[in-house]
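Enquirer: Attaching a single structure in structure tokens format; questions to follow.
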Amino acid sequence: MRATSTETQAARARRAGYRLDDQIGFVLRRAYQRASANLARRIGSYDLTAPQFAVLARLYERGALSQNRLGRLVAMEPANIHVIVKRLSLRGLVITERAPDDARLVLARLTREGAALAERLIPLEIDAGAATLASLSATERRELLRLLDRVLDGDAAQA
């Protein structure tokens, strides 16, 4: 009986003209894979992942942040941000310390080495983004980013 239900759903999807290539999640995942591959080609020799780079870049932009806030700003779950900060700390790129005004908060900040690495990697990330969007005009790139920001704003409003 279950197979018939699944077959019926599949038949309805085919009749409705369903195409995986028209689904936003699939298209965004493919675009993300391309962007990640472009970034990995440029920063791979530094033995960093894209999420680790995001943490370095956000700390470079904002300065010291609580791990909780840092995780939100790079769209990572608390357990994941903790692991990444720990790995970057072991490499001497990030240090953690208690917030002076609230001992419950653990702040993460770049070391001198971490800041220097971020300064070397940010231009590589900019190049990776340019390669990802090379088929778009400057106007189209700005429009794509504007539209994606609206999608993200809508997501935040529903949360």
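Enquirer: With the chain treated as a Gaussian network of Cα nodes joined by springs under 10 Å, which of 20, 136, 90 yields the largest mean-square fluctuation?
Expert: 20
Enquirer: Any idea what % of Cα-Cα pairs in the chain are farther than 23 Å?
Expert: Values: 6679 of 12561 pairs.
It works out to 53 percent of all Cα pairs.
Enquirer: Evaluate the Kirkwood expression for the hydrodynamic radius of region 1-71, namely the inverse of the mean inverse distance over all pairs of different C-alpha atoms, and round to one decimal in Å. Walk me through the numbers on the way to the answer.
Expert: Numbers: mean 1/r = 0.0626 Å⁻¹.
The answer is 16.0 Å.
Enquirer: Next question, about the same structure. In whole percent, and with a 1.4 Å probe on the protein chains, what portion of the accessible area of the chain is carbon and sulfur? Each step should come with its number before you reach the end.
Expert: On the way: 6110 of 11140 Å².
Here it works out to 55 percent.
Enquirer: Now for a different question. Roughly how many Å² is the accessible area per residue of region 1-150, as a whole number, for a 1.4 Å probe? Please report the intermediate quantities before stating the final value.
Expert: Values: 10270 Å² over 150 residues.
Heavy-atom accessible area per residue stands at 68 Å².
Enquirer: Report relative contact order for the chain in percent, whole number only (criteria: Cα-Cα under 8 Å, sequence separation at least 6). Before the final figure, lay out each step's value.
Expert: On the way: 116 pairs, mean separation 34.7, N = 159.
Once divided by the residue count of the chain, the mean separation gives 22 percent.
The values are calculated or read from the model by the stated rules, or taken from the named source; none is laboratory data. What you see is a predicted model; the values in this text were computed from it and never measured. What goes into the accessible areas is simple: the full protein's heavy atoms, side chains included, and nothing from ligands, DNA or RNA. Shrake-Rupley method; radii C 1.70, N 1.55, O 1.52, S 1.80 Å.
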